[in-house]
């Protein structure tokens, strides 16, 4: 079974094409959301819920970078993982699955770009990295990493 090495949230990813080295710029553990013309984030969420929605989408430019390796460097394999975003109540507000191809290389980095983050509340959110595990005839998802993402609101105006 392929092994998860690490996962991080960051603002920018730079890849040197000559060396294949990756630079992760501005690691993210907290997003400060600014009050907009529509009002506070809490008010916008309350209005969305009153309209039957689960929350709002906040535009952002985050990247989730995840590193995976073969369990045996000499044996090609594949893996499947997903990330799940949990709100402060522990509810899954989004999840998405990806394949990791370790056939031709002993390791792979997966880059996932977020254009929006679903927000149903302010506070501590968690991004779970879960790997699909098959045991006999049963398949389940095993948590291999948890990344905190604090969503806070600021009333200070942007420059």
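Overview of results
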| quantity | calculated |
| --- | --- |
| Choice from 40, 67, 23 showing the highest fluctuation, given a GNM over the chain with Cα pairs closer than 10 Å | 23 |
| Gain upon complete extension [residue 67, residue 36; 0.36 nm per residue less C-alpha separation] | 7.6 nm |
| Volume of the Cα convex hull of the chain, divided per residue and given in Å³ | 129 |
| Using alpha-carbon coordinates, inclination of helix 41-50 to the longest axis of the chain, degrees | 90 |
| At R0 = 25 Å, FRET efficiency that the Cβ-Cβ distance of residue 53 and residue 98 yields, to 0.05 | 0.40 |
| Selected from 125, 138, 116 as most flexible by GNM, with the chain as the system and alpha-carbon contacts under 10 Å | 138 |
| MRE, 222 nm, helices only [DSSP H, n ≥ 4, -39500 (n - 2.57), over the chain, to nearest 500] | -2000 deg cm²/dmol |
| Backbone N under 20 Å from the residue 89 label point (7 Å along Cα→Cβ), restricted to the range 54-83 | 54-58 |
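Quick note: the coordinates plus some simple rules give every number you see, no bench work behind them. Only a predicted model underlies this, so the values are computations on that prediction, with no experimental measurement involved. Cβ: placed from backbone, ideal geometry, glycine included. Neighbour counts: every protein chain shown.
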